[in-house]
Amino acid sequence: MADKVKVGLIQLCGCSGCHMSLLDLHEKLLDVLPNLEIVYAPIIADVKEIPEGIDVFLVEGGIRNEHDKHLVEEIREKSKIVVAWGSCAAFGGIPGLGNLYTKEEFLNTIYSTASTDNPGEIPSEDIPPLEEEVKPISKVVKVDLVLPGCPPRPEHNAEAIVALLEGREPQLSSKIVCDD
Ligand code: SF4
């Protein structure tokens, strides 16, 4: 392969578990890492700007607030392939349980009853405004590959990464979330 594939990783409204699942590739990492150049990954390195010209962006987590939304829009503009990585990015996942409540109920519960730090005050300057609901990233941008699982299974991560490196469609089971 002439050039390394430029890869971005990001966590939106997720728990970092999808990032951790990459480590479950164990020795398979040695097969793929030499062909990758990780150019943006806040969990690894403090790079402020998302660079242009990313080949594959793995997006963990759904859209909970305006900051998440702006980030995924920028990622879409700057990336050839965007992967909804894990069930939170694919479907909303566990954070999607927040959709059982309105945004107002959610904020009032967290900042009026659950918080003991300035109870009753909803900070407006320090946190990005919440969206009305948690959304899968496909509700905001076009997604090229959905890789569900909580977290995605290591063999599916491996197949997806290798396939994207080789420029082919990943061969994934039609049932990669749960078995009968
Ligand atoms: Fe965490 Fe599961 Fe969501 Fe991945 S899909 S961010 S492991 S809760």
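The values are calculated or read from the model by the stated rules, or taken from the named source; none is laboratory data. The model shown is predicted, which means the values in this text are computed figures rather than measured ones. With ideal geometry, Cβ positions are generated from the backbone for all residues, glycine too; neighbour counts draw on all protein chains shown. Ligands, DNA and RNA are excluded from the accessible area calculation, which covers all protein heavy atoms including side chains. Shrake-Rupley method; radii C 1.70, N 1.55, O 1.52, S 1.80 Å.
Quick notes on this one:
- Available extension along the chain between Gln171 and Glu66 is 34.4 nm, counting 0.36 nm per residue and deducting the alpha carbon span.
- Rounded Å value of the spacing that divides the Cα centres of the stretch 129-170 and the stretch 30-105: 9
- Counting only alpha carbon atoms, the long axis of helix 154-166 and the longest principal axis of the chain meet at about 60°.
- Share antiparallel - DSSP beta bridges, the stretch 1-105, percent rounded to 5: 5
- Linear extension gain, His26 paired with Glu132, 0.36 nm per residue minus alpha-carbon span: 34.2 nm
- Straight-line reach from Lys142: taking Cα to Cα under 27 Å and skipping same-chain neighbours fewer than 8 places apart, the lysines in range are Lys4, Lys6, Lys48, Lys69, Lys78, Lys80, Lys103, Lys175.
- Simple Cβ-charge dipole of the stretch 24-142, Lys/Arg +1 and Asp/Glu -1, about Cα centre, in debye nearest 20: 460
- Cα-projected label distance for Lys103 with Ile38, points at 7 Å along beta-carbon direction, nm: 3.3
- Across the chain, the relative contact order, built from alpha-carbon pairs under 8 Å that are at least six residues apart, equals 26 percent.
- Surface share of carbon and sulfur [accessible, 1.4 angstrom probe, percent] for the chain: 54
- Sorting the segments 34-46, 149-161, 83-95, 16-28 by their residues' average number of neighbouring beta-carbon atoms within 10 angstrom, most packed first, yields 83-95, 149-161, 16-28, 34-46.
- On Cα atoms only, tilt of 66-78 relative to the major axis of the chain in degrees: 20
- Remark: the chain carries 58 Å² of accessible area per residue (probe radius 1.4 Å; ligands, DNA and RNA excluded).
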